[in-house]
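A.B. asks: This structure is in structure tokens; I'll ask about it shortly.
The values are calculated or read from the model by the stated rules, or taken from the named source; none is laboratory data. Just so it is clear, the model here is predicted, and its values are computed rather than measured. Positions of Cβ are generated from backbone atoms using ideal geometry, with glycine treated the same way; all protein chains shown enter the neighbour counts.
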Amino acid sequence: MYLTEVKSWDIVKKQYRYKLKSYFGVFTSLVFIQLLAIFFSFNGTGMSGGASNSISYEVNYYSGDIILVFMMIWAFITAIIITTKAYRYDDFSFITNRSISHFSNILFLLSVSIFAGISVYLSTHLFQVLVFYLKDNFSIIKDTLSVTTWLTGISASTLYIFLFASAGYFIGVLIQLHRGFAFIIPTFLFGGLIMDGLGGNPTLFMNVSKFFGAETSFFLFAVKVLVVSIVLLLSSIGISNRMEVRK
Amino acid sequence: MNVVVCNNLTKQYGRSKVIHSMSFQLAENKITGLIGRNGAGKTTLLKIIAGYLHHSSGDVQVFSENPFNNLKVSANTIFIDNEMSFSQGLTLKELLETAGSFYQNWDHDLALRLFDYFSLDPKQFHGNLSKGMQSTFNSIIGLAARCPLTIMDEPTSGMDSGTRKDFYRALLKEYIAHPRTIILSSHLLDEVEDLLEDVLLIKSGEKCLHLSIDSLRDYAIGVRGKTEKVQEWIDRIETIHLQDIGANLSYAVVKNDRSIKELEDARQLGLEITSVSAEDICSYLTSKTKGGIDHVFNRG
């Protein structure tokens with residue numbers, strides 16, 4: 001029987017399509033988590049109020065922030081899950097090698113991030129409509145966005161979600177390399193935060209969130225997120241080269 | 001052309017050597033049986049050939065390339081075992097279609113006909129199948145993929161005897177219609193004997209024998225008779241197996257390279273010479289002690 005020659009890119013595409021079909025549960029969990037996030041958002045993300053002799057007022061802010069945060073956590077966990085043996089071995093029942101497996105995973109994470117980014121925007125609207133009907137407000141002020149701002153908004157959400165997915169993927173691969181990382185990483189993370197806060201002047205978490213969050217130029221923000229994500233993903237690929245393909 | 005070439009192949013887990021400097025070659029378009037006891041290193045060897053595991057030292061070549069993490073080898077090899085994992089999100093029918101999209105030689109028509117014959121439910125999920133059904137499904141993928149190197153690691157585990165026979169027949173028919181290199185591992189040589197051309201017998205990680213099935217059948221002879229006569233005859237001959245079969249009778253197995261005179265002597269001593277089945281030869285050759293399991297119970 002003659003040998004077949006295959007091109008890496010073709011196989012990446014096939015693995016990617018296989019993943020989109022077979023990891024369908026990821027999308028189901030996305031919908032449930034968004035519904036949960038909408039429910040949690042009903043209290044409003046911010047509130048201020050005041051009163052004088054004859055009037056008192058209260059201002060509630062309703063935004064999609066909680067939905068975005070939930071999506072970031074969801075992406076983080078999803079990325080960890082797809083590095084586990086059960087998912088990794090699925091690839092090797094068909095044609096693949098390790099880099100192809102990684103590339104198709106990254107493509108998959110990128111697509112779910114984009115999907116999640118868009119759906120955050122859409123579900124924010126759903127949420128606002130629900131607030132309009134369910135809360136007895138006297139007056140509603142709604143920000144209107146121009147096309148460029150909502151495009152930036154969707155892209156920024158996508159990038160944040162992708163950043164968390166990359167971090168999850170990196171941690172997932174570390175845990176696959178050695179089970180001990182499942183204990184070491186949380187210990188260092190929370191330990192670090194606590195140690196940092198002991199002095200009464202926490203800087204670590206603030207600096208990390210400032211690095212991304214306080215960036216005013218969208219372009220620079222995108223570059224920062226992408227560079228950090230790519231570093232995380234490339235290290236994941238590097239680390240996994242120390243492992244056997246399938247036991 | 002040799003499809004698989006191993007030279008001094010060694011695999012270590014920590015300090016224990018699972019594969020111990022093994023050298024052999026598997027020729028193209030032959031069915032080779034990999035036979036060995038539990039823990040002999042069959043699965044490890046097959047996983048190295050399939051490119052799943054790193055070898056520790058020595059050299060292994062599949063299609064003249066190092067198989068580990070190699071795309072060309074992966075595209076031309078299929079490894080079927082009962083640990084094969086398939087996505088829980090796809091039904092069996094969808095899995096067949098996915099497999100079809102990956103393997104260029106895939107015969108979808110054959111896959112569907114086998115699928116029907118073994119009455120698998122297309123809407124079922126792989127994880128919900130019984131062990132035997134899973135093995136059947138995996139084997140269907142292995143047959144329909146028509147990979148130039150097809151590796152099957154105990155493909156029939158869990159199948160009932162009817163399904164086993166059907167599967168071996170299907171394998172043979174497929175092989176005749178589309179010859180390919182097949183490595184079939186099993187600890188039941190009896191079952192696969194009629195299928196195999198070559199046998200690679202391994203014992204605790206080392207190559208024991210690699211020869212054609214016909215030479216294996218003629219490899220040894222059995223001698224049965226009074227214990228002292230048997231002892232007398234095998235005095236200067238190396239035995240493969242010696243067993244006390246009660247009533248002052250013994251059974252010895254020796255390599256089939258005795259001279260005519262020696263065989264004549266045996267008859268003079270009143271010994272009965274028999275042929276030994278391939279299955280028995282393998283189990284005698286791979287047993288740890290010459291006396292077999294009886295040895296454990298003889299404390300005296």
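A.B. asks: Of the conditions (1) of a type in the set (D, E, K, R); (2) modelled with pLDDT of 90 or more; (3) over 30 Å from A:E244 (Cβ atoms), A:E58 clears all except one; give me its number.
C.D. replies: A:E58 satisfies every listed condition except (2).
A.B. asks: If you check A:S63 against the conditions, is it within 19 Å of B:L53 (Cβ to Cβ) and surrounded by 12 or more Cβ atoms within 10 Å (Cβ to Cβ)?
C.D. replies: Taking the combined requirement at face value, the residue does not satisfy it.
A.B. asks: Right, here's the next one. Of all the residues that make up segment B:3-26, how many are free of Cβ contacts under 8 Å to residues at least 40 places away in the same chain and not charged (D, E, K, R)?
C.D. replies: Of the residues in segment B:3-26, 4 are free of Cβ contacts under 8 Å to residues at least 40 places away in the same chain and not charged (D, E, K, R).
A.B. asks: Something else now. Within segment B:10-17, can one find any residue that is of a type in the set (D, E, K, R), touching a His at 6+ places or on another chain (Cβ under 8 Å), within 14 Å of another protein chain (Cβ to nearest Cβ) and under 19 Å from B:P67 (Cα atoms)?
C.D. replies: Yes, segment B:10-17 contains at least one residue that is of a type in the set (D, E, K, R), touching a His at 6+ places or on another chain (Cβ under 8 Å), within 14 Å of another protein chain (Cβ to nearest Cβ) and under 19 Å from B:P67 (Cα atoms).
A.B. asks: Would you tally the residues in segment B:76-111 being without any contact (Cβ under 8 Å) to a residue 12 or more places away in the chain, surrounded by fewer than 16 Cβ atoms within 10 Å (Cβ to Cβ) and either within 28 Å of the chain's Cα centre (by Cα) or in a loop (DSSP other than H, G, I, E, B) (or both)?
C.D. replies: Here the count works out to 1.
A.B. asks: Considering only segment B:251-275, how many residues are more than 16 Å from B:A220 (Cβ to Cβ) and in contact (Cβ under 8 Å) with a residue 24 or more places away in the chain? Working first, answer last.
C.D. replies: Filtering segment B:251-275 down to residues more than 16 Å from B:A220 (Cβ to Cβ) leaves B:260-261, B:264-265, B:267-270.
Applying the additional criterion that residues be in contact (Cβ under 8 Å) with a residue 24 or more places away in the chain yields B:265, B:269-270.
Counting residues in segment B:251-275 that are more than 16 Å from B:A220 (Cβ to Cβ) and in contact (Cβ under 8 Å) with a residue 24 or more places away in the chain gives 3.
A.B. asks: Suppose the filter is surrounded by fewer than 17 Cβ atoms within 10 Å (Cβ to Cβ), in contact with a helix residue (DSSP H, G or I) (Cβ under 8 Å, 6 or more places away or on another chain) and free of Cβ contacts under 8 Å to residues at least 24 places away in the same chain; does B:L71 pass it?
C.D. replies: no
A.B. asks: While we're looking at this one, here's another question. Of all residues in segment A:194-247, which are away from every other protein chain (no Cβ under 14 Å), more than 16 Å from the chain's Cα centre (by Cα) and in contact (Cβ under 8 Å) with a residue 40 or more places away in the chain?
C.D. replies: A:F218, A:S235, A:S236, A:I239
A.B. asks: A follow-up question, please. Condition test on A:G191, is it more than 14 Å from chain B (Cβ to nearest Cβ), of a type in the set (G, A, S) and more than 24 Å from A:S99 (Cα to Cα)?
C.D. replies: When the stated conditions are applied, A:G191 passes them.
A.B. asks: While we're looking at this one, here's another question. For segment B:40-67, which positions are surrounded by fewer than 19 Cβ atoms within 10 Å (Cβ to Cβ) and of a type in the set (G, A, S)?
C.D. replies: Across segment B:40-67, the qualifying residues are B:S56, B:S57, B:G58, B:S64.
A.B. asks: Also, quick follow-up: When the residues of segment B:114-154 are filtered to those that are of a type in the set (S, T, N, Q) and out of contact with any Ser or Thr (no Cβ under 9 Å at 6 or more places or on another chain), which remaining residue is surrounded by the most Cβ atoms within 10 Å (Cβ to Cβ)? Spell out the reasoning first.
C.D. replies: Going through segment B:114-154, the residues of a type in the set (S, T, N, Q) turn out to be B:119, B:124, B:128, B:130, B:134-136, B:138-139, B:150.
Imposing the further condition that a residue be out of contact with any Ser or Thr (no Cβ under 9 Å at 6 or more places or on another chain) reduces the set to B:119, B:128, B:130, B:134.
Values: B:S119: 8, B:N128: 11, B:S130: 9, B:Q134: 20.
That would be B:Q134.
A.B. asks: Taking B:T136 as the residue in question, decide whether it is free of Cβ contacts under 8 Å to residues at least 40 places away in the same chain, touching a Phe, Trp or Tyr at 6+ places or on another chain (Cβ under 6 Å) and away from chain A (no Cβ under 12 Å).
C.D. replies: So B:T136 fits the description; yes.
A.B. asks: Take A:A79 and tell me if it is more than 28 Å from B:L90 (Cβ to Cβ) and modelled with pLDDT of 85 or more.
C.D. replies: no
A.B. asks: So, one more: How do the helices (runs of 4 or more DSSP H) wholly within segment A:161-247 filter down when requiring 2 or more residues that are modelled with pLDDT of 90 or more: which remain?
C.D. replies: So the answer is A:181-198, A:218-240.
A.B. asks: Here's a follow-up. Given the criteria within 14 Å of chain A (Cβ to nearest Cβ), assigned to a helix (DSSP H, G or I), hydroxyl-bearing (S, T, Y) and in contact with a Phe, Trp or Tyr (Cβ under 7 Å, 6 or more places away or on another chain), does B:T43 qualify?
C.D. replies: no
A.B. asks: Follow-up question, since we're still on this one. If a residue must be away from every other protein chain (no Cβ under 14 Å) and either touching a strand residue (DSSP E or B) at 6+ places or on another chain (Cβ under 6 Å) or closer than 13 Å to B:R164 by Cβ (or both), how many such residues does segment B:174-192 contain? So that I can check it myself, show each step before the final result.
C.D. replies: Initial filter on segment B:174-192 (away from every other protein chain (no Cβ under 14 Å)): B:183-192.
Adding the requirement that they be either touching a strand residue (DSSP E or B) at 6+ places or on another chain (Cβ under 6 Å) or closer than 13 Å to B:R164 by Cβ (or both) leaves B:183-186, B:188-192.
So the answer is 9.
A.B. asks: Which numbered condition trips up A:I161, out of (1) under 22 Å from A:F115 (Cβ atoms); (2) free of Cβ contacts under 8 Å to residues at least 40 places away in the same chain; (3) of a type in the set (A, V, I, L, M, F, W, C)?
C.D. replies: It fails just one condition, (2).
A.B. asks: Among the residues of segment B:171-185, count how many are buried (at least 18 other Cβ atoms within 10 Å of the Cβ) and out of contact with any Asp or Glu (no Cβ under 7 Å at 6 or more places or on another chain).
C.D. replies: 7
A.B. asks: Can you spot a residue in segment A:105-112 that is surrounded by 13 or more Cβ atoms within 10 Å (Cβ to Cβ), in contact with a helix residue (DSSP H, G or I) (Cβ under 8 Å, 6 or more places away or on another chain), within 30 Å of B:L149 (Cα to Cα) and within 14 Å of chain B (Cβ to nearest Cβ)?
C.D. replies: yes
A.B. asks: Taking B:I182 as meeting all but one of (1) of a type in the set (V, I, T); (2) in contact (Cβ under 8 Å) with a residue 24 or more places away in the chain; (3) farther than 30 Å from B:A50 by Cβ, write down the number of the exception.
C.D. replies: It fails just one condition, (3).
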